[in-house]
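> One structure coming up, written as structure tokens, with questions to follow.
The values are calculated or read from the model by the stated rules, or taken from the named source; none is laboratory data. Only a predicted model underlies this, so the values are computations on that prediction, with no experimental measurement involved.
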Amino acid sequence: MLKIFLWFLLLAAAMFALDRLLLYIEKRGWIYYRKKKPSSSALSNACLEVQQLLEPSKKYVVEVKKDEKKQQAETGDLPPVDKT
């Protein structure tokens, strides 16, 4: 019974150390882990650009998204950027 408890304690300590390491790496800006969330629009835009090459009919969707972004930037309707 004591042996199982010690293994559990060792596992908990290793998980805590790994969490602290990943938070440190995230603070340095190397990865996104818990505190900062990557924008999903960047990933979807990249996928659309690739899909546009494979399927020319998707070009319209990419153009509409770019036009919407331009209009939002011109009118100042962009959502505030969270820098935390």
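> So which residues in the stretch 62-84 are assigned to a helix (DSSP H, G or I) and at pLDDT below 70, if there are any at all? Break it down stepwise before answering.
First pass over the stretch 62-84, keeping only residues assigned to a helix (DSSP H, G or I): 62-75.
Matches in the stretch 62-84: Val62 only.
> Could I ask something else about it? Within the group Ala42, Ala13, Ala17, which residue is within 25 Å of the chain's Cα centre (by Cα), at pLDDT 85 or above and of a type in the set (Gly, Ala, Ser)? Talk me through it step by step, then tell me what you get.
Numbers: Ala42 fails: at pLDDT 85 or above; Ala13 fails: within 25 Å of the chain's Cα centre (by Cα).
It is Ala17.
> A further question follows. For the stretch 20-39, give me each residue that is of a type in the set (Phe, Trp, Tyr) and at pLDDT 90 or above. Steps first, please.
First pass over the stretch 20-39, keeping only residues of a type in the set (Phe, Trp, Tyr): 24, 30, 32-33.
The answer is Tyr24, and nothing else.
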